[in-house]
Structure formats: structure tokens, C-alpha cells
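Below is one structure; the comments refer to it alone.
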Amino acid sequence: MKTIKEVYELFDKIGACSFSTLNGHGGVDTRIAHFFAYSDEGLYLRTMTIKPFYKQLVEGKQLAVSGDFSEAPIQHDENNLPTFKPGIMMRVAGEVRELSMDEVNERAKTDRNFNVAVYDINKYPETRVFVLHKAWGECYDYDYKMVTRDHKLLRDRFCWGGAECEEPGLRIDPDACISCGNCFDACSFKAIVPGEGGEAYRIRGERCDECGNCYHACPAGAIRHKGIG
């Protein structure tokens, strides 16, 4: 499981991300922003009190962020199918709280990343700082063409502040599995591990895209995930 520091560094590498909030009218608003700092408490962002973003953070207290980093934008092959260079997708969602000005100034004494917040507050007095203090998320490391390794995915989920996160991937019920191998043949992500000596097959969750091909191929109905089965 990644640390908050590692999560911040990956988001910082991406740079501009999509920040989504509840808009108070049954919908969701999004805008492009970024995290500017981290601590053991979480990830930090800033906005201004006169913006809808601020009001939505204060009233809804919920934030979801996602972004992608890759060597090149999406391209298309001769059949107009999208192709992707190896890259990383990041997502995180959870609860935010607003920091007091005293907290911001105190953190700036020991964390140079907070200098930008102090600078903005001095230049734009309506600037405020929030921390995503209770959250879960995922690092989705993809290489669909298997250029750098022999499988397509590495998924790593993380959480902090009391939030919980479910491990990625589908599951095979060992009591229902008949070890026929249909799931192994159907999986293009190389996430299925055969059972030895007739034992049940299993799924490596960190490689599983939850595409459903194994679920579709299983004659015994042994695939389990969330509301399925």
C-alpha cells in the first residue's frame, strides 16, 4: 500500500487533475486543479471563498480527484481502435476539512510546499486551504501492449484517515471452482493463477481489470465480486 507521500508524488507528476465536488443540486461539478502539499494528515489543495468550489467543499465536505500520466496522448490504429502508451492513472476520494490561517502559517514554518499557499493568501486574501484527510484511492499502472513487462496491469489501492478500501480484482470461490481452466484461457490480463493438483484457481487482484471475461466464461458460477453471486 502506497504512503501519502508516494501518492502525492504521483499526483504531482501528473500535475493538473480533475477535481470533482457535489454541487448541492443533486449533481457534480468538476474543475482542473492540483495538490500542492502533503503531510501525515493527507493531501492539500487551495481555492478562494468566492468560488463555487469553496462553497461545495465547505458544505459537501466530499472531494474526488483523478488524473493520468503517460508518454503520449491516445492514438488510434488502422481500425480506429485506441492505443495507449504505458502510463499511470490515479484516483482518490474522501472527506475534506478547511485549515485555519494559523494552521497554514504553522505548517509553512517547516514545509516549503506551503510557501505557495502563504504567497497566494497574501496576494489573494480570499485564498483558503483544505486537506483531504480521510480518503481511499488507487494507482492504476497500465501497460496494455506489455511493452515493459509480461502483464498489463499493476493496481495498488490505498487509504488513510480511517477510510477503508477494498482490494481490487474479482474473486474465485474455491468451493465452487471446478478447475476447468476456462477463466485462465479467457483472461487477457494474465491475472489467473491455476490451482495445482486440481485445486481451485485464483485471481491476482493487482493484475485484474475486473473486465468480466472470467465471469462470463466460468461454467460453475464461481466468480465472486461485490454484488455478484
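The values are calculated or read from the model by the stated rules, or taken from the named source; none is laboratory data. Given the structure is predicted, the values throughout are model-derived calculations rather than measurements. For neighbour counting, all protein chains shown are included, and Cβ atoms are generated from backbone atoms with ideal geometry for every residue, glycine included. These accessible areas exclude ligands, DNA and RNA; they are computed on the full protein's heavy atoms, side chains included. Shrake-Rupley method; radii C 1.70, N 1.55, O 1.52, S 1.80 Å.
Against the definition (closer than 20 Å to F19 by Cβ, loosely packed, with under 13 Cβ neighbours inside 10 Å and among the aliphatic types (A, V, I, L, M)), how does I88 come out, yes or no? Against the criterion (closer than 20 Å to F19 by Cβ, loosely packed, with under 13 Cβ neighbours inside 10 Å and among the aliphatic types (A, V, I, L, M)), I88 does not qualify.
Any residue at all in segment 70-83 that's touching a residue at least 40 places away in the same chain (Cβ under 8 Å) and open to solvent by less than 70 Å² (accessible area, probe 1.4 Å)? Yes, some residue in segment 70-83 is touching a residue at least 40 places away in the same chain (Cβ under 8 Å) and open to solvent by less than 70 Å² (accessible area, probe 1.4 Å). Please work out if V118 is crowded, with 16+ Cβ neighbours inside 10 Å, more than 23 Å from the chain's Cα centre (by Cα) and not in a loop (DSSP other than H, G, I, E, B). It is true that V118 is crowded, with 16+ Cβ neighbours inside 10 Å, more than 23 Å from the chain's Cα centre (by Cα) and not in a loop (DSSP other than H, G, I, E, B). Hey, any hits in segment 141-150 for a residue that's open to solvent by less than 40 Å² (accessible area, probe 1.4 Å), closer than 19 Å to C208 by Cα and in contact (Cβ under 8 Å) with a residue 60 or more places away in the chain? Looking for residues that are open to solvent by less than 40 Å² (accessible area, probe 1.4 Å), closer than 19 Å to C208 by Cα and in contact (Cβ under 8 Å) with a residue 60 or more places away in the chain, one finds none in segment 141-150, hence no. For segment 1-55, how many residues meet the condition of being among the aromatic types (F, W, Y), touching a helix residue (DSSP H, G or I) at 6+ places or on another chain (Cβ under 7 Å) and not in a loop (DSSP other than H, G, I, E, B)? The total comes to 1. V96 meets each of the listed conditions (1) under 23 Å from R207 (Cβ atoms); (2) of a type in the set (A, V, I, L, M); (3) not in a helix (DSSP H, G or I) apart from (1).
Taking segment 32-62 as the range and being loosely packed, with under 13 Cβ neighbours inside 10 Å, farther than 18 Å from V116 by Cα and in contact with a Phe, Trp or Tyr (Cβ under 9 Å, 6 or more places away or on another chain) as the test, only D40 passes.
Within segment 163-183, does at least one residue satisfy the condition of being of a type in the set (D, E, K, R), open to solvent by less than 30 Å² (accessible area, probe 1.4 Å) and either closer than 30 Å to L43 by Cβ or free of Cβ contacts under 8 Å to residues at least 40 places away in the same chain (or both)? No, that holds for no residue.
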